[in-house]
1. With θ set to phi - 60° and the Karplus curve 6.51 cos²θ - 1.76 cosθ + 1.60, what are the ³J(HN,Hα) couplings of the stretch 84-93 in order, to the nearest whole Hz, using x for Gly and Pro?
2. Under 5 Å between amide hydrogens, which residues at least 5 positions from Leu23 or on another chain qualify, with H placed 1.01 Å from N in the peptide plane?
3. When ligands, DNA and RNA are left out and all protein chains stay put, how many square angstrom of accessible area per residue does the stretch 59-112 have with a 1.4 Å probe?
4. How long are the semi-axes of the equivalent ellipsoid of the chain, taking √(5λ) for every eigenvalue λ of the Cα gyration tensor, in whole Å from largest down?
5. Taking H as built 1.01 Å from N, whose amide H comes closer than 5 Å to the amide H of Arg35, not counting residues under 5 places away?
6. Which ³J(HN,Hα) values in Hz, rounded to whole numbers, follow from the phi angles of the stretch 31-41 under the Karplus curve 6.51 cos²θ - 1.76 cosθ + 1.60, where θ = phi - 60° and Gly and Pro get x?
7. Return the distance in nm (one decimal) between the two label points of a simple spin-label model at Leu68 and Arg19, each offset 7 Å from Cα along Cα→Cβ.
8. Roughly how far apart, in whole Å, are the Cα centres of the stretch 1-40 and the stretch 47-112?
Amino acid sequence: MSDWQVGSEWQHVRDNDERTVELVGEVVEIAPPSRLVITWANASQANNPDAYSRVTFDVEDYNDMVKLTVSHDELEAGSGMAQGVSKGWPAVLSSLKSFLETGSGLDIVNKS
């Protein structure tokens with residue numbers, strides 16, 4: 001949830017009855033339709049500036065296709081967040097690819 005303006009907050013809200021906020025951050029840079037940069041932290045660590053990392057989404061033409069590059073940096077080596085995103089991003093991007101190709105994403109269940 002956000003208005004996607006530089007300096008605006010964003011939240012990742014679970015699509016469940018509780019509407020649990022899991023991740024939070026701020027929009028650092030936005031240049032539609034090719035670039036979005038956000039900060040990223042667990043909602044439980046929202047008040048700790050050292051807990052935030054950065055995610056960059058770059059979209060560019062690639063021959064007759066579109067290339068999406070996702071970079072997640074400024075992570076503390078060995079942290080729970082670093083471990084989580086190293087497993088999470090491949091699953092999310094695989095599901096996005098499936099959705100774009102078939103109209104259905106992968107049935108990914110959060111087992112944590």
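1. 3J(HN,Hα) across the stretch 84-93, in whole Hz: x, 6, 5, 9, x, 4, x, 5, 5, 6.
2. Under 5 Å from the amide H of Leu23 lie the amide H atoms of His12, Ala43, each far enough along the sequence or on another chain.
3. Working: 4300 Å² over 54 residues.
Accessible area per residue, the stretch 59-112: 80 Å².
4. Ellipsoid half-lengths, sorted descending, are 23, 19, 15 Å.
5. Under 5 Å from the amide H of Arg35 lie the amide H atoms of Val59, each far enough along the sequence or on another chain.
6. These are the phi-based 3J(HN,Hα) values: 9, x, x, 10, 8, 9, 10, 9, 8, 8, 7 Hz.
7. In this crude spin-label approximation the distance works out to 2.6 nm.
8. 14
The values are calculated or read from the model by the stated rules, or taken from the named source; none is laboratory data. Quick caveat: nothing in here was measured; it's all calculated off a predicted structure. Cβ atoms come from the backbone with ideal geometry, glycine included; neighbour counts cover every protein chain shown. SASA here: full protein model, heavy atoms, side chains in, ligands and nucleic acids out. Shrake-Rupley method; radii C 1.70, N 1.55, O 1.52, S 1.80 Å.
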